[in-house]
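Here the structure comes first, spelled out in structure tokens, and everything after it is commentary.
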């Protein structure tokens with residue numbers, strides 16, 4: 001049976017149970033590529049799916065209407081997990097016109113041969129009538145690509161929100177009240193942290209636009225559809241986009257012969273013993289995914305970064321982590337560097353330099369220990385851990 005969102009509005013997407021990587025984002029629960037069909041005097045399909053699954057999308061469309069009766073295909077976002085199926089859709093839907101904004105059409109021409117396509121470029125705040133229903137288009141640039149937009153159906157108070165408010169979850173359920181809310185919000189946080197974080201200001205602008213709309217349902221391009229817990233996801237997006245902190249400290253480290261690891265454990269002990277109400281987490285970066293590190297980083301207020309020296313450089317996976325989180329442009333943290341070394345402290349020194357790259361505030365000078373830390377060195381680490389936890393708590397209080 002087709003999944004119905006509202007009267008004559010249906011889900012026609014695809015559940016990808018097998019995908020586990022989304023350009024370095026770990027999709028441990030799989031994903032969905034959500035597409036929707038509106039049946040009125042005119043019929044519209046909202047968004048495509050990954051090109052590998054266009055046959056499934058067309059099968060669902062054909063179960064609801066004959067293919068020659070589809071009048072419009074809306075493209076809210078050019079990224080190929082949504083737009084990949086559109087060339088095949090337009091071949092299979094002989095009377096369909098593509099609706100997209102000008103920037104989207106420019107990008108579509110760079111991906112595909114658009115010769116022969118019927119295209120209507122919609123302007124900001126333009127509307128298209130389907131009969132009893134109206135499609136309204138709102139540009140949301142850099143949430144999270146330049147051409148991004150959302151589509152709103154005022155008669156149903158339904159927002160097709162593109163990637164905003166999405167999550168990567170493969171499930172037979174389609175709605176937020178049919179699935180565990182804690183899991184949905186956890187996956188929404190992973191999604192935001194690893195994809196949307198750099199665009200907090202643009203998210204704020206989008207949230208301001210949303211305040212002027214009556215919304216009884218949010219249908220994102222990935223994951224569960226919001227119909228009961230709309231206020232919860234809007235509240236979380238507000239907090240995440242503002243870069244609000246939690247009393248949380250992260251200790252990121254890599255180690256060769258456990259010396260830097262022992263320093264990290266000393267920092268953890270000092271933080272936990274002195275300030276137990278701060279959530280202090282120890283993360284071996286070779287044993288922790290980039291996805292999880294970024295997610296915990298989203299609302300962390302203080303960070304310690306540790307690496308030994310390898311070939312006059314910091315450890316390779318620590319370099320990868322720092323590059324990844326720099327690109328995500330997390331709000332400023334209080335931080336310090338640490339590490340063990342043999343004949344040159346380059347690993348720790350480079351971690352310290354990264355604090356400038358990240359635009360974070362130094363808590364103290366880097367802690368550098370030659371070879372294995374003795375009790376005096378571990379005590380220094382414990383004292384630094386105490387300061388880290390205190391700084392985490394103080395930043396939240398500001």
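Note on the range 174-204: residues that are surrounded by fewer than 16 Cβ atoms within 10 Å (Cβ to Cβ) and either at positive phi or over 17 Å from the mean Cα position of the chain (by Cα) (or both) amount to 4. Strands (runs of 3 or more DSSP E) fully within the range 129-203 that include at least 3 residues being under 16 Å from residue 230 (Cβ atoms), at pLDDT 95 or above and in the same structural domain as residue 220 (by TED's automatic domain parsing): 158-162. All of (1) crowded, with 21+ Cβ neighbours inside 10 Å; (2) without any contact (Cβ under 8 Å) to a residue 40 or more places away in the chain hold for residue 88 with one exception: (1). In the set (1) surrounded by fewer than 19 Cβ atoms within 10 Å (Cβ to Cβ); (2) at pLDDT below 95; (3) over 29 Å from residue 160 (Cα atoms), residue 284 fails one condition alone, (2).
Would you mind finding the one in 334, 275 that is closer than 23 Å to residue 387 by Cα and either free of Cβ contacts under 8 Å to residues at least 24 places away in the same chain or more than 24 Å from the chain's Cα centre (by Cα) (or both)? Result of the check over 334, 275: 275. The residue of the range 63-82 that is modelled with the highest pLDDT, among those that are part of a helix (DSSP H, G or I) and touching a strand residue (DSSP E or B) at 6+ places or on another chain (Cβ under 9 Å), is 69.
Tallying residues that are within 19 Å of residue 69 (Cβ to Cβ) and exposed (fewer than 14 other Cβ atoms within 10 Å of the Cβ) within the range 97-139 yields 4. Residues 20, 60: which one is in the same structural domain as residue 145 (by TED's automatic domain parsing), without any contact (Cβ under 8 Å) to a residue 12 or more places away in the chain and in contact with a strand residue (DSSP E or B) (Cβ under 8 Å, 6 or more places away or on another chain)? Selected residue: 20, the only one of 20, 60 that is in the same structural domain as residue 145 (by TED's automatic domain parsing), without any contact (Cβ under 8 Å) to a residue 12 or more places away in the chain and in contact with a strand residue (DSSP E or B) (Cβ under 8 Å, 6 or more places away or on another chain). Just one residue in the set 15, 45 is part of a strand (DSSP E or B), free of Cβ contacts under 8 Å to residues at least 60 places away in the same chain, in contact with a strand residue (DSSP E or B) (Cβ under 7 Å, 6 or more places away or on another chain) and under 22 Å from residue 166 (Cα atoms); that residue is 45.
So that you can scan it fast, the table gives a plain yes or no per residue for (1) assigned by TED's automatic domain parsing to the domain that holds residue 327; (2) over 23 Å from residue 124 (Cα atoms); (3) buried (at least 18 other Cβ atoms within 10 Å of the Cβ):
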| residue | (1), (2), (3) |
| --- | --- |
| 24 | no, yes, no |
| 37 | no, no, yes |
| 43 | no, no, yes |
| 50 | no, yes, yes |
| 78 | no, no, yes |
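Among the numbered criteria (1) closer than 19 Å to residue 219 by Cβ; (2) in a helix (DSSP H, G or I); (3) out of contact with any helix residue (DSSP H, G or I) (no Cβ under 9 Å at 6 or more places or on another chain), which single criterion is violated by residue 106? Failing condition for residue 106: (1).
How many residues are closer than 29 Å to residue 190 by Cβ and assigned to a loop (DSSP other than H, G, I, E, B) when one looks only at the range 21-42? Lay out the reasoning, then the answer.
First, pick out the residues of the range 21-42 that are closer than 29 Å to residue 190 by Cβ: 21-37.
Retained after the next criterion (residues that are assigned to a loop (DSSP other than H, G, I, E, B)): 23-24, 27-30, 34-35.
Count: 8.
Do any strands (runs of 3 or more DSSP E) entirely within the range 292-398 hold 3 or more residues that are over 30 Å from residue 185 (Cα atoms), and if so, which? So the answer is 334-341, 367-370. Note on the range 204-242: residues that are part of a loop (DSSP other than H, G, I, E, B) and either within 21 Å of residue 145 (Cβ to Cβ) or in the same structural domain as residue 274 (by TED's automatic domain parsing) (or both) total 3.
The values are calculated or read from the model by the stated rules, or taken from the named source; none is laboratory data. Note that the structure is a prediction, hence the values are computed from the model and not measured. As a convention, Cβ positions derive from the backbone with ideal geometry for all residues, glycine included, and neighbour counts pool all protein chains shown.
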